[in-house]
Amino acid sequence: MVSSRTTARPEVLLPGGPARRSPRGTRYHRDEVLTAGVFLLPALLVIGVFVLFPIISAAHISLTSWNGFDPVKEFIGFENYVRLAGDPEFWNSLLVTVVYAVGVCLLSVVSGLGVALLLDAPIRARGFYRGIYFLPAVTSSVAAAIVWKYMLDPAGFVNTLLAQVGIAGPDWLQNRWLALIALTLLTVWKNIGFNAVLYLTALQALPHGIYEAAQLDGASGWQRLRLLTIPLLSPMTFFVVLQALITSFQAFDLVYVLTGGGPRGGTEVLGMFMYREAFRLGDFGYGTAIAFVTLVLVLGVSLVQWRASGAEGERR
């Protein structure tokens with residue numbers, strides 16, 4: 001006699017093992033849901049207190065006129081954002097930040113991958129060299145910027161070195177573009193060890209079989225690098241670029257010590273512009289609006305890059 005009862009959840013037969021229930025038909029027991037909620041609650045509280053609440057508070061402050069001290073904040077709506085759209089100093093700061101971010105992203109990928117390839121080679125004392133390259137990452141940003149500032153002084157180490165070969169060195173930090181280049185190189189140097197470790201980790205996880213097959217087929221070292229290594233490292237490259245982008249838009253300490261935003265706003269990134277408006281001029285509402293726009297820009301660019309990276313991965 002055939003039973004009239006039907007199976008509520010379909011069984012999926014897996015080769016080489018017992019049947020498992022389809023994930024779509026899985027129903028969690030109430031105790032399981034409560035247990036998961038209890039374990040997630042501390043993390044959700046931390047995120048709510050230290051991430052969501054500051055963002056919401058900043059959004060509210062950006063809609064007010066406040067000097068940072070008065071207990072009452074005057075609500076002015078979107079006037080700070082309208083003022084921001086017509087402020088030429090903001091557009092100059094945004095342009096400087098974009099140029100700075102592009103330079104940092106490109107050089108971070110090239111330098112990080114190059115150093116990782118060198119440190120992955122079968123050479124003696126690799127651990128020692130890896131430690132040397134990682135030193136800038138653990139060096140104080142303020143100390144590093146002070147050293148670079150003395151090195152780039154008109155009578156500093158760099159110009160003294162150039163004078164030895166008959167070249168008159170410029171005043172690096174008093175030229176708009178030279179100062180921005182110096183700031184970009186300092187940022188890349190500061191993070192080169194971190195980026196190299198990321199790439200080195202990804203390199204050591206690549207399958208060696210495809211390299212052996214390519215070598216047997218007659219592929220040169222450059223072809224293996226261009227056609228195998230670089231495409232296989234694209235997820236790590238995406239992470240390095242994203243990290244460099246966020247670092248560039250959040251830059252403050254290196255800029256403050258090395259150039260102070262000068263000369264003539266040539267290195268005044270968004271972080272320096274926000275600091276000047278909020279803490280030097282006392283306009284916290286306007287400064288918070290700058291910070292909120294920066295947050296939106298970073299999130300927007302990151303999402304676009306994320307979607308582009310996902311679409312490229314699907315095509316492959």
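Quickly run through region 119-148 and pick out the residues that are surrounded by fewer than 17 Cβ atoms within 10 Å (Cβ to Cβ), more than 19 Å from the chain's Cα centre (by Cα), within 19 Å of residue 251 (Cα to Cα) and of a type in the set (Gly, Ala, Ser).
143
Only residues that are of a type in the set (A, V, I, L, M) and farther than 12 Å from residue 183 by Cα: list them for region 256-278, please.
Within region 256-278, 270, 272, 274, 278 qualify.
Which residues, counting only those in region 196-212, are surrounded by fewer than 12 Cβ atoms within 10 Å (Cβ to Cβ) and part of a helix (DSSP H, G or I)?
Within region 196-212, 201, 204, 208, 209, 212 meet the criteria.
If I ask for residues that are within 17 Å of the chain's Cα centre (by Cα) and of a type in the set (D, E, K, R), which ones from region 260-311 would you list?
Of everything in region 260-311, just one residue is within 17 Å of the chain's Cα centre (by Cα) and of a type in the set (D, E, K, R), namely 307.
Do any helices (runs of 4 or more DSSP H) entirely within region 50-159 hold 1 or more residues that are farther than 27 Å from residue 226 by Cα and of a type in the set (Lys, Arg), and if so, which?
Qualifying helices (runs of 4 or more DSSP H): 79-85, 141-151.
Let's see how each residue does on (1) within 22 Å of residue 132 (Cβ to Cβ); (2) hydrophobic (A, V, I, L, M, F, W, C):
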{"position": "170", "(1), (2)": "no, no"}
{"position": "195", "(1), (2)": "yes, no"}
{"position": "198", "(1), (2)": "yes, yes"}
{"position": "201", "(1), (2)": "yes, no"}
{"position": "206", "(1), (2)": "no, yes"}
{"position": "213", "(1), (2)": "no, yes"}
{"position": "217", "(1), (2)": "no, no"}
{"position": "230", "(1), (2)": "no, yes"}
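Look at residue 253 and say whether it is touching a residue at least 40 places away in the same chain (Cβ under 8 Å), surrounded by fewer than 21 Cβ atoms within 10 Å (Cβ to Cβ) and farther than 20 Å from residue 181 by Cα.
no
So for region 164-177 (the condition being more than 30 Å from residue 277 (Cα to Cα), touching a residue at least 60 places away in the same chain (Cβ under 8 Å) and part of a helix (DSSP H, G or I)), does at least one residue qualify?
For region 164-177, residues more than 30 Å from residue 277 (Cα to Cα), touching a residue at least 60 places away in the same chain (Cβ under 8 Å) and part of a helix (DSSP H, G or I): absent.
Suppose we filter region 42-79 for residues that are under 18 Å from residue 287 (Cβ atoms), of a type in the set (Phe, Trp, Tyr) and surrounded by fewer than 11 Cβ atoms within 10 Å (Cβ to Cβ); how many remain?
Going through region 42-79 one residue at a time, the tally reaches 1.
Only one of these conditions is not met by residue 116: (1) more than 19 Å from the chain's Cα centre (by Cα); (2) modelled with pLDDT under 95. Which number is it?
(1)
When you scan region 263-316, how many residues do you find that are outside any helix (DSSP H, G or I) and modelled with pLDDT of 90 or more?
Number of matching residues: 9.
Among the numbered criteria (1) under 24 Å from residue 172 (Cβ atoms); (2) assigned to a loop (DSSP other than H, G, I, E, B), which one does residue 254 miss?
Going through the list (1) under 24 Å from residue 172 (Cβ atoms); (2) assigned to a loop (DSSP other than H, G, I, E, B), residue 254 breaks only (2).
So residue 92 passes all but one of these: (1) at pLDDT 90 or above; (2) polar (S, T, N, Q); (3) within 16 Å of residue 286 (Cα to Cα). Which condition number does it fail?
With respect to (1) at pLDDT 90 or above; (2) polar (S, T, N, Q); (3) within 16 Å of residue 286 (Cα to Cα), residue 92 is out only on (3).
Looking at region 175-192, is at least one residue surrounded by 13 or more Cβ atoms within 10 Å (Cβ to Cβ), at pLDDT below 90 and of a type in the set (Gly, Ala, Ser)?
no
The values are calculated or read from the model by the stated rules, or taken from the named source; none is laboratory data. Everything numeric in this text was worked out from a predicted model, so none of it was measured. Positions of Cβ are backbone-derived with ideal geometry, glycine not excepted, and every protein chain shown enters the neighbour counts.
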